[in-house]
Amino acid sequence: MACNDEVVMVLETKRNPAIWKNFDLCLMSDSHEMARCKGCGKFMKASANSTLKKHTEKHCFSILW
Ligand SMILES: [Zn+2]
């Protein structure tokens, strides 16, 4: 995962709030969108909802709940 892109801005999202309450949708400097975990700051593909959900449940559970 490329993590050397800079966040240009945090976008509003109407995506699944059960997942996205734990992530920021970030517009990156090369104009693609990434999901940033609010718990650990890790960037992940914004399109991969199942990956984001798994991350929250398996990796950041104790931070966020
Ligand atoms: Zn996390």
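Worth a mention:
- Given (1) near the ligand (Cβ under 10 Å from one of its atoms); (2) at pLDDT 95 or above, number of the condition LEU11 does not satisfy: (1)
- Top-ranked residue of the range 40-65 - restricted to ones that are at pLDDT below 90, within 11 Å of the ligand (Cβ to nearest atom) and not in a helix (DSSP H, G or I), ranked as most open to solvent (accessible area, probe 1.4 Å): HIS59
- Pairs where the first residue, in the range 22-39, is over 10 Å from ASP5 (Cα atoms) and the second is assigned to a strand (DSSP E or B) and near the ligand (Cβ under 8 Å from one of its atoms), C-beta under 9 Å, 6+ apart: ASN22/CYS37; PHE23/CYS37; ASP24/CYS37
- Within the range 16-25, tally of residues that are more than 9 Å from the ligand (Cβ to nearest atom) and surrounded by 15 or more Cβ atoms within 10 Å (Cβ to Cβ): 4
- Scanning the range 26-38 for residues that are in contact with a Lys or Arg (Cβ under 9 Å, 6 or more places away or on another chain) and buried (at least 17 other Cβ atoms within 10 Å of the Cβ) returns CYS26, MET34, ALA35, ARG36.
The values are calculated or read from the model by the stated rules, or taken from the named source; none is laboratory data. Predicted model only: the values in this text are computed from it and were never measured. Backbone-built Cβ (ideal geometry, glycine too); neighbour counts: all protein chains shown. The area values use the complete protein model at the heavy-atom level, side chains included, leaving out ligands, DNA and RNA. Shrake-Rupley method; radii C 1.70, N 1.55, O 1.52, S 1.80 Å.
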